[in-house]
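Worksheet: the structure to be examined is printed underneath.
A short reminder: the numbers here are calculations on the coordinates, not readings from a lab. Nothing here was measured: the structure is a model prediction, and the numbers come from that model. Please note: Cβ atoms are built from the backbone with ideal geometry, for glycine as well, and neighbour counts cover all protein chains shown.
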Amino acid sequence: MEQKSRQRPPRADAQRTVQAILEAAERVLGSDPAATMEQIAQAAGVARTTVHRRFTSREALVEALTAWATRQFHEAVTSAHPDSTPPLVALYQVTANVLRVKTGWGFAMSRAVPEDPDVARVHADVLDRCDRLFRRAREAGVLRPDTDLAWARRVYYALIHEAAQNRPDGTDDVDERATLVVDTLLRGVGGRGDALLG
């Protein structure tokens with residue numbers, strides 16, 4: 001009887017080792033993009049040979065890190081169930097989830113290139129989900145009926161980017177920053193127009 005060769009999934013301890021290396025790589029490379037594999041190994045608490053067994057080169061490690069962050073970004077959006085959760089709730093949850101990924105995996109997210117087929121596929125799916133969420137938000141009255149959804153989405157992306165990069169008011173609280181992003185998107189920063197015309 002011919003035995004089929006099957007690729008076994010990595011053992012739990014091997015997965016934990018890879019996860020520790022990726023997390024260490026994000027921390028180390030985020031502080032020093034020129035850091036060596038040895039520095040990453042030290043930060044991960046493993047031998048340099050362990051890192052080389054898992055990743056054949058520094059470039060391979062960075063590619064794996066970018067792929068991991070891309071999957072986390074996709075999970076951040078899908079886990080908020082933007083197609084079924086009430087639009088306003090989903091908007092807050094997606095925002096908080098994405099900010100966690102962008103602040104926790106900033107180096108890796110900055111390395112994601114749109115030309116990469118996996119990255120492109122994830123971003124296309126996220127874009128589609130965001131468009132559907134914004135349409136649902138407009139239908140539910142969360143956004144004005146005359147809202148230009150493409151413009152609103154671009155503004156939303158820019159607000160998330162700023163909140164991830166600059167941490168308004170110096171806060172490290174992701175939920176507070178998510179609230180600020182959504183409130184700014186929905187309410188703006190200006191006063192009442194009639195008061196200005198006054």
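Values for this structure:
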{"read-out": "Failed item, numbered, when Leu133 is tested on (1) touching a helix residue (DSSP H, G or I) at 6+ places or on another chain (Cβ under 8 Å); (2) free of Cβ contacts under 8 Å to residues at least 24 places away in the same chain", "value": "(2)"}
{"read-out": "Every pair of residues 6+ apart whose Cβ atoms lie under 6 Å, when the first sits in the stretch 86-103 and is charged (D, E, K, R) while the second is in a helix (DSSP H, G or I)", "value": "Arg100/Val174; Lys102/Met109; Lys102/Ala164"}
{"read-out": "So Thr49, is it of a type in the set (Ser, Thr, Tyr) and touching a residue at least 12 places away in the same chain (Cβ under 8 Å)", "value": "no"}
{"read-out": "Helices (runs of 4 or more DSSP H) enclosed by the stretch 2-114 - at least 2 residues per element that are in contact with a helix residue (DSSP H, G or I) (Cβ under 6 Å, 6 or more places away or on another chain), crowded, with 16+ Cβ neighbours inside 10 Å and of a type in the set (A, V, I, L, M, F, W, C)", "value": "12-31, 37-44, 58-78, 87-104, 106-111"}
{"read-out": "Residue check, Ala124 assigned to a helix (DSSP H, G or I) and either exposed (fewer than 13 other Cβ atoms within 10 Å of the Cβ) or touching a Gly at 6+ places or on another chain (Cβ under 8 Å) (or both)", "value": "yes"}
